[in-house]
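Please read the structure below before turning to the comments.
The values are calculated or read from the model by the stated rules, or taken from the named source; none is laboratory data. In this text, all values refer to a predicted model and were calculated from it rather than measured experimentally. When we count neighbours, we look across all protein chains shown, and the Cβ atoms used for this are built from the backbone with ideal geometry, even at glycine. Please note that ligands, DNA and RNA were not included when accessible areas were found on the heavy atoms of the full protein model with its side chains. Shrake-Rupley method; radii C 1.70, N 1.55, O 1.52, S 1.80 Å.
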Amino acid sequence: MELSLYQIDAFARRPFNGNPAAVCPLKMWLPDQLMQAIAAENNLSETAFFVSTGKGYHIRWFTPTAEVRLCGHATLATAFVLAEILDETATCFNFASLSGPLSVYRDDNLYTLDFPAQLPIPCPTPQIIVEAFSEQPRCCLAAEDLLVIFTSEAQVAGAAPDLVLLKKLDQRGVAIAAPGEQADFVTRFFAPGIGIPEDPVTGSIYTQLVPYWASETGRCNFNVSQISARGGELQCRLVGPRVRISGYACKYAEGKITIPNSY
C-alpha cells in the first residue's frame with residue numbers, strides 16, 4: 001500500500017523556518033499502531049492524518065511517541081495541503097477532532113486557526129520548574145500545559161531547561177513566555193514527555209497563552225514571536241471562548257510512503 005505524504009513548514013513564509021509537520025491524507029483510518037509507527041518514522045514533532053467526512057474532515061495528530069488531543073501547526077499544514085496541493089476551493093475547512101470542532105479560514109495565503117480557548121489557572125510554581133530553570137519565573141499557570149511566565153524576553157531566549165526534570169511534570173509540556181521587545185510577547189515550548197525536546201512553533205499553546213495575556217493587558221489582539229532556533233511569527237486574537245491564530249505555510253517536500261503487507 002502506498003500513501004501520499006507532504007512535509008509543510010507551518011507559520012513560515014519560506015522553507016527552513018517555522019514548524020515542519022507531516023500531513024498524510026487517508027481514504028479510511030489506519031490502525032492506531034500503524035499511524036504511530038509512521039509518525040515515529042517521520043520523526044517530526046507532529047504528523048497529521050485526516051479523512052474526509054463528506055461535510056468536512058476528521059483529523060488526528062501523532063508525535064513520534066504519542067497521539068495528542070490538539071495541534072495547531074499540523075492543522076494549519078493540513079489546510080495548506082487541502083488548498084494548495086489537493087486544490088480544494090473552500091475558504092473554510094472544518095475538522096472534527098479530539099478537542100471538538102475546529103476550523104481553519106483561508107484568506108489568500110494567510111491561514112487562521114479557530115480553536116477553543118483554554119483559560120489557565122494560577123498555581124504555585126512546582127519545585128521541578130525551580131530546579132529545571134536557572135531563572136526564577138514571575139508566576140505559573142496550569143491548563144493542558146504548564147505556563148511559566150518570565151519578566152523579560154532575554155530570560156526566555158536564554159532558557160536552557162533540564163529536560164529530564166521537565167519530563168516528570170503531569171502536563172503535556174511547558175510553555176515559557178514574557179513580554180517581547182518587538183512582539184507583544186515571546187514564547188518557547190518544551191514537551192520532552194511526548195518526544196518533543198523543544199517545539200519550533202506551537203499553535204495550540206496560544207489557546208492558553210492568549211487568554212492569559214488578554215487578562216493581563218485588557219487587549220484581544222497580539223503579535224507573537226516564538227523564539228526557537230527556527231522561529232515563527234503569529235497573529236493571535238481572543239474572540240469570546242475561541243482563539244484565532246493566523247500564519248503562513250509553505251511546502252518543503254512531497255512523496256509516497258510504502259506500507260508493508262504485514263500491516
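Here are a few things to note about the model shown:
- About its Cα centre, the dipole of the chain is roughly 340 debye, where the only charges are +1 on Lys and Arg Cβ and -1 on Asp and Glu Cβ.
- Taking the DSSP beta bridges with both ends in the chain, the antiparallel portion is around 80 percent.
- Accessible area, probe 1.4 Å, largest first, for residues Asp170, Asp108: Asp170, Asp108
- Long-range HN-HN contacts of Cys139 with modeled amide H, under 5 Å: Ile149
- Comparing mean-square fluctuations of Leu30, Leu165, Leu76 from a GNM of the chain with C-alpha springs under 10 Å, the top value falls on Leu30.
- The chain - percent of accessible surface contributed by carbon and sulfur, probe 1.4 Å: 50 percent
- Mean Cα-pair separation over length for the chain, i.e. relative contact order, pairs under 8 Å, 6 or more apart, %: 23 percent
- Taken one residue at a time, the phi angles of segment 162-177 give Karplus couplings (6.51, -1.76, 1.60, θ = phi - 60°) of 7, 5, 5, 5, 4, 4, 7, 6, 6, 6, 4, x, 10, 9, 10, 8 Hz. Gly and Pro are set to x.
- Every Cα-Cα pair in segment 143-263 was counted, and those over 26 Å apart are 27% of them.
- Summed over the residues of segment 99-258 and divided among them, the accessible surface reaches 44 Å² per residue at a probe radius of 1.4 Å.
- Note on segment 1-52: Cα Rg divided by 2.2 N^0.38 Å, N the number of residues, gives 1.19.
- Radius of gyration and maximum dimension Dmax of segment 34-110, Cα, Å: 12.4, 35
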